[in-house]
Amino acid sequence: MSLPIIDFHAHLMTLAGLEKVCPEEQQTPFFRHLVPILEPIAHLTEPVHDRFLRYLAMNYRNSMSRVLYARMGPLFLMEALRLFRKHGLEQLIHSMDRNGIKHSVIYSIEPLTQTREIIDLTKQYPERFSVFGSVSHNDPDHVGYLAPFIEAREIKGIKIHPMVGGFTSKELFDSTRELVALSSEKELPVAIHTGHIPIEGISGLTPYSPVHVLEPIIRAFPKCKFILTHIGWEAWRETLDIASSCPNVMVETSWQPARIIRRAVERLGSSRVLFGSDFPLFQQDQALDEAIRALSPREFRVVCYRNAANLLHLTRFALPV
């Protein structure tokens with residue numbers, strides 16, 4: 001594809017970070033005895049099973065499906081860890097080149113991936129990557145932690161992941177208010193994970209925060225640009241309702257099929273939708289297939305390039321409107 005594309009949602013993880021992912025679960029008999037047998041098989045079957053699992057996740061998100069997913073939590077965790085181990089920086093660059101993606105936003109998700117780690121991993125490719133910093137609930141000074149990265153212009157935005165970062169629904173507003181105020185002051189976008197990761201039986205994750213608990217922080221800072229990732233996954237209706245009533249909200253497309261991306265564009269307009277993949281958990285080529293099916297050529301240019309370029313202040317891939 002000749003048009004430059006920006007992927008607004010990707011991840012990288014170090015080996016040290018992988019050890020922090022649900023460490024108690026990784027010490028269970030399943031991980032100690034079965035995973036070494038299952039992982040080599042998963043490597044061989046990845047081209048088939050990964051696409052099939054993503055199809056299920058995009059099209060079956062009702063309560064019954066989520067109960068089933070929760071029961072398969074250890075398998076899903078094994079697969080997530082395997083994908084992060086296999087698909088590192090060089091594999092991401094190869095995927096970007098193969099799919100015509102000129103630039104990707106890499107989200108840190110503390111405490112699993114440190115903001116400094118992601119900056120150091122990607123600094124040799126400044127033309128290819130922008131970094132969003134993040135914080136953990138356990139850090140007592142969120143503003144003090146991220147302010148040096150902001151002042152040094154090492155990050156282009158902030159990512160809040162309530163489940164991974166440890167922010168419960170009751171404390172989300174109070175815990176993130178000062179950080180969002182700083183983002184608003186510095187005109188940095190704030191990306192917030194939305195969608196129920198249905199593996200709550202796995203230790204190490206904070207219970208899911210419903211989309212509606214984000215509305216107070218969004219309304220408190222009307223000049224801050226918020227990006228709700230995954231368009232809420234199963235909660236896409238509620239996410240689009242909030243975005244419709246809050247003009248400072250954009251949505252990001254990862255893990256959504258073409259029909260939901262189409263609904264988002266029709267509801268909000270193409271100028272408030274961003275293309276994202278969630279690499280390596282969702283491969284960029286499949287995410288692009290869904291966007292291509294959902295969008296007209298002009299909408300594709302806006303969703304997959306122009307909106308992100310404006311938010312990130314990128315001018316080197318200039319295109320006519």
Problem - Flag for PHE173 being of a type in the set (A, V, I, L, M, F, W, C) and closer than 18 Å to PRO216 by Cα - result: yes
Completion exercise
Condition set within 24 Å of ARG259 (Cα to Cα) and not in a helix (DSSP H, G or I), scope segment 28-76, selection modelled with the lowest pLDDT: answer is ASN62
Exercise for the section: Tell me, yes or no, whether segment 91-109 has at least one residue that is farther than 24 Å from GLY165 by Cα and at pLDDT below 95. Expected result: no
Practice task
Working carefully through the options LEU89, LEU34, LEU83, LEU112, find the one that is free of Cβ contacts under 8 Å to residues at least 12 places away in the same chain and surrounded by 13 or more Cβ atoms within 10 Å (Cβ to Cβ).
Solution key: LEU34
Problem - Subset of segment 172-201 [over 28 Å from LYS123 (Cβ atoms), modelled with pLDDT of 90 or more and among the acidic types (Asp, Glu)] - result: ASP174
Completion exercise
Per the filter on segment 1-27, residues of a type outside the set (A, V, I, L, M, F, W, C) and either surrounded by 15 or more Cβ atoms within 10 Å (Cβ to Cβ) or part of a strand (DSSP E or B) (or both) are PRO4, ASP7, HIS9, HIS11, THR14, GLY17, LYS20, GLU25, GLN26
Exercise for the section: Output the number of residues of segment 241-259 satisfying the condition of being of a type in the set (A, V, I, L, M, F, W, C) and more than 17 Å from the chain's Cα centre (by Cα). Expected result: 4
Handout entry: Subset of segment 116-136 that is of a type in the set (S, T, N, Q) and over 25 Å from THR315 (Cβ atoms) - its residue that is surrounded by the most Cβ atoms within 10 Å (Cβ to Cβ)
Key = SER134
Practice task
Starting from residues that are in a helix (DSSP H, G or I) and either under 15 Å from the mean Cα position of the chain (by Cα) or in contact (Cβ under 8 Å) with a residue 40 or more places away in the chain (or both), keep the ones in segment 92-109 and report whichever is farthest from CYS304 (Cα to Cα).
Solution key: LEU92
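The values are calculated or read from the model by the stated rules, or taken from the named source; none is laboratory data. Note that the structure is a prediction, hence the values are computed from the model and not measured. All Cβ positions, glycine included, derive from the backbone under ideal geometry; neighbour counts span all protein chains shown.
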